[in-house]
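> Next up is a structure, given as structure tokens.
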Amino acid sequence: MKYSSYFIPTLKETPSEAEIVSHKLMLRAGLIRKLTSGVYIYMPAGLRSIRKVENIIRDEMNRAGAIELLMPSVQPAELWQESGRWEFYGRELLRFKDRHDRDSCLGPTHEEVITDLVRREIHSYRQMPVNFYQIQTKFRDEIRPRFGVMRGREFIMKDAYSFDTDEKGAEKSYKRIYEAYSNIFRRCGLKFRAVEADTGSIGGNFSHEFMVLSDTGEDQIVNCINCDYAANLEKAEVRCIQNNHNNAKDDPAALEEVETPDKKTIQEVSEFLSVSPERLVKTIIYNVDDYLAAVLVRGDHEVNEAKLRNLLKADQLEMASQETVRSVTGAPVGFAGPVGLKVKIAADNNIKGMVNFIAGGNKKDLHLKNVNLERDFKVDVFGDLRFITPSDACPRCGSEIRFGRGIEVGHIFKLGTKYSKKMKALFLDEQGIEKEAVMGCYGIGVSRTVAAAIEQNHDNDGIIFPIPIAPFEVLILPLQVNEKDVAEAAESIYKGLMEKGIDVLLDDRDLRAGFKFKDADLLGIPLRVTIGSRELKNGKVEMKLRTGSENTLISYHGAVETIIDKVKELYDKAE
RNA sequence: CGGGGCGUGGCGCAGCCUGGUAGCGCACCUGCUUUGGGAGCAGGGUGCCGGAGGUUCAAAUCCUCUCGCCCCGACCA
């Protein structure tokens, strides 16, 4: 490709809308342009990068035995009503009516469509297992799109859906894709980690997220410094160690009321009474489906709603309003406690070991001291209900854990029979018995993967693309395009590389050297070949890696071979 | 959805408080000089000041409404 007849509109200044590095650089390097909030145009060079990622994905998915197809982005409401998600999915699902007044939506994901297809086409164990995938534009009406292509409303996603005859098969399918994903992200040149995760609105019972490690990531992840345990913060299990931080050996003392005027928060109460927050118990009232529940956690801990939702097997879960809290506890927000409460009480495991703790008194400006389990109140259900903290140990091996941030680029789920049951995706097994298909689903954010790669690979001058996903592999930069020798040398190397199938960009623009160098660094093509009259007179051209600073003089004759070798070397390093 | 901020030439911004008929840098066009890290000089074009309504002799500026975008938050008591 010749730059002068291509289209890479670079920007010297950063558009004011961009907040994070990848967003800024993608705009500046002319990879994307915004159309409207959370919706982007993939510009020619950006699209090339996207296509590279897609092709790596295709390659690995095909290798893992998955079959590509392409499903519609417009979907009928009926399918979503059948799965129950027309109600459950919420406002992220963009709904509309067609001219016949039929309810429709833009597909944020395709479980319903694929399950519908499979139930109509697949009837026998002989046709299974199958795994269908597509690379397609999704639309999710995010509450707050941000960070450019990182959290857009419209985005490119690879989604795959596996159908197995039994749990064992599903397990195998899951592992195969897990391996494929590891290969994909490794081949994209990313530093990533697979972590255990919550299943969210997709549903199901087991899942892993593939996280690109980055400080600007939206997700918090936890990993063990010793074993290979790693999890999303939402999912990270807390080891059930009783009696920690607590004087559990103490004998229960007499319950005591204590005035706490206007002291509503844990911090205020603990300061006012001069006790550490871990001697307090926090009581939070929740609206759960069609009932109310109180949740207890230690004062210095925080309720993990994902865990709570799972423990209570709840569909709907939200903190109760101030009015509800008042009617349940008889006190304004800030003074709720378990003693005398008439609602279901769920408590975090850590509560078990606590003796003589402090809790709200269910009366304005009142707390209770020396509250004790069983004697003063009963808990309906115990469980792991809080977020893990840095002082907790690894749930697997007990070693120290570390917190970090990541960008979720892939997510794989074991769905079980959730959709096949509701939508009757049935088949006949060897015995002629009708069974529900066991499903899995697997997503990769394609556009986000490119952004994540930039987030992880850049410097002050611009992007440093890993070669497998760079828009071009080699940039040829002739300095004096009007000097015949230079222009001819550039053209000849350009043609030589093209013939060998190298993706090469020839910057044939008649611009000052500095300008072209700046653009080159901004765009981040991994290998740059500079051709200047000075060195060319000695039969030399220069080769430079975007990652390094040293310019290597190479012989003009044989330059094509030298460059190809270097490209191969870069691929070997990346994979 | 709640709070905050911003919409002025292609991009980044000033002007608005205190109304008087729009400006700077970059980009763009022409010429000359320059030419290995976003050149210099000279000349030039570029705006329904997001939209609608109102106040006024006069509105980018004041008021009302509206649309769009960005940021923060969305209840841990």
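> Restricting to the range A:286-304, name every residue that is within 15 Å of A:Val381 (Cα to Cα) and within 11 Å of RNA strand B (Cβ to nearest atom).
A:Tyr286, A:Leu292, A:Ala293, A:Ala294, A:Val295, A:Leu296, A:Val297, A:Val303
> Exactly one of (1) surrounded by 21 or more Cβ atoms within 10 Å (Cβ to Cβ); (2) part of a strand (DSSP E or B) is unmet by A:Thr449. Its number?
(2)
> Out of everything in the range A:31-44 that is more than 8 Å from RNA strand B (Cβ to nearest atom) and of a type outside the set (Phe, Trp, Tyr), what residue ends up being farthest from the chain's Cα centre (by Cα)?
Checked the range A:31-44; the qualifying residue farthest from the chain's Cα centre (by Cα) is A:Pro44.
> In the range A:557-575, how many are under 22 Å from A:Ile531 (Cβ atoms) and in contact (Cβ under 8 Å) with a residue 60 or more places away in the chain?
Count: 6.
> Mind checking which strands (runs of 3 or more DSSP E) fall wholly inside the range A:456-575 and carry at least 3 residues that are small (Gly, Ala, Ser), modelled with pLDDT under 95 and under 29 Å from A:Leu25 (Cβ atoms)?
Qualifying strands (runs of 3 or more DSSP E): none found.
> Also: Looking at the range A:48-82, which of its residues are in contact (Cβ under 8 Å) with a residue 60 or more places away in the chain, under 30 Å from A:Phe517 (Cα atoms) and not basic (Lys, Arg)?
Selection gives A:Ser49, A:Ile50, A:Val53, A:Glu54, A:Ile56.
> Search the range A:478-517 for residues being of a type in the set (Lys, Arg) and either away from RNA strand B (no atom under 14 Å from the Cβ) or free of Cβ contacts under 8 Å to residues at least 60 places away in the same chain (or both), and hand back the single one that is farthest from A:Tyr571 (Cα to Cα).
Only one residue tops the list, namely A:Lys484.
> Among the residues of the range A:262-278 satisfying the criterion of being away from RNA strand B (no atom under 11 Å from the Cβ) and over 15 Å from A:Leu368 (Cβ atoms), which is surrounded by the most Cβ atoms within 10 Å (Cβ to Cβ)?
So, considering only residues that are away from RNA strand B (no atom under 11 Å from the Cβ) and over 15 Å from A:Leu368 (Cβ atoms), the one surrounded by the most Cβ atoms within 10 Å (Cβ to Cβ) is A:Glu278.
> Surrounded by fewer than 15 Cβ atoms within 10 Å (Cβ to Cβ), away from RNA strand B (no atom under 13 Å from the Cβ) and more than 24 Å from A:Arg140 (Cα to Cα) - does that describe any residue in the range A:12-30?
For the range A:12-30, residues surrounded by fewer than 15 Cβ atoms within 10 Å (Cβ to Cβ), away from RNA strand B (no atom under 13 Å from the Cβ) and more than 24 Å from A:Arg140 (Cα to Cα): absent.
> Exactly one condition in (1) in contact with a helix residue (DSSP H, G or I) (Cβ under 9 Å, 6 or more places away or on another chain); (2) more than 10 Å from RNA strand B (Cβ to nearest atom); (3) closer than 20 Å to A:Arg386 by Cβ is not met by A:Ala336; state its number.
That leaves (2) as the condition not met.
Here's the yes/no breakdown for (1) out of contact with any helix residue (DSSP H, G or I) (no Cβ under 8 Å at 6 or more places or on another chain); (2) within 29 Å of A:Ile464 (Cα to Cα); (3) crowded, with 21+ Cβ neighbours inside 10 Å:
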| position | (1), (2), (3) |
| --- | --- |
| A:His110 | yes, no, yes |
| A:Tyr125 | yes, no, no |
| A:Pro129 | no, no, no |
| A:Phe132 | no, no, no |
| A:Ala160 | no, no, yes |
| A:Gly169 | yes, no, no |
| A:Lys172 | yes, no, no |
| A:Tyr178 | yes, yes, no |
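> Separate question: Limited to the range A:279-320, what total is found for residues that are crowded, with 21+ Cβ neighbours inside 10 Å and either free of Cβ contacts under 8 Å to residues at least 12 places away in the same chain or β-branched (Val, Ile, Thr) (or both)?
Qualifying residue count, the range A:279-320: 6.
> If A:Val343 satisfies all but one of (1) at pLDDT 85 or above; (2) under 20 Å from A:Arg386 (Cβ atoms); (3) within 10 Å of RNA strand B (Cβ to nearest atom); (4) not small (Gly, Ala, Ser), what's the number of the condition it fails?
A:Val343 satisfies all of (1) at pLDDT 85 or above; (2) under 20 Å from A:Arg386 (Cβ atoms); (3) within 10 Å of RNA strand B (Cβ to nearest atom); (4) not small (Gly, Ala, Ser) except (3).
The values are calculated or read from the model by the stated rules, or taken from the named source; none is laboratory data. Since the structure is predicted, the reported quantities are computational estimates derived from the model, not experimental observations. A quick note on method: Cβ atoms are made from the backbone with ideal geometry, for glycine too, and the neighbour counts reach across all protein chains shown.
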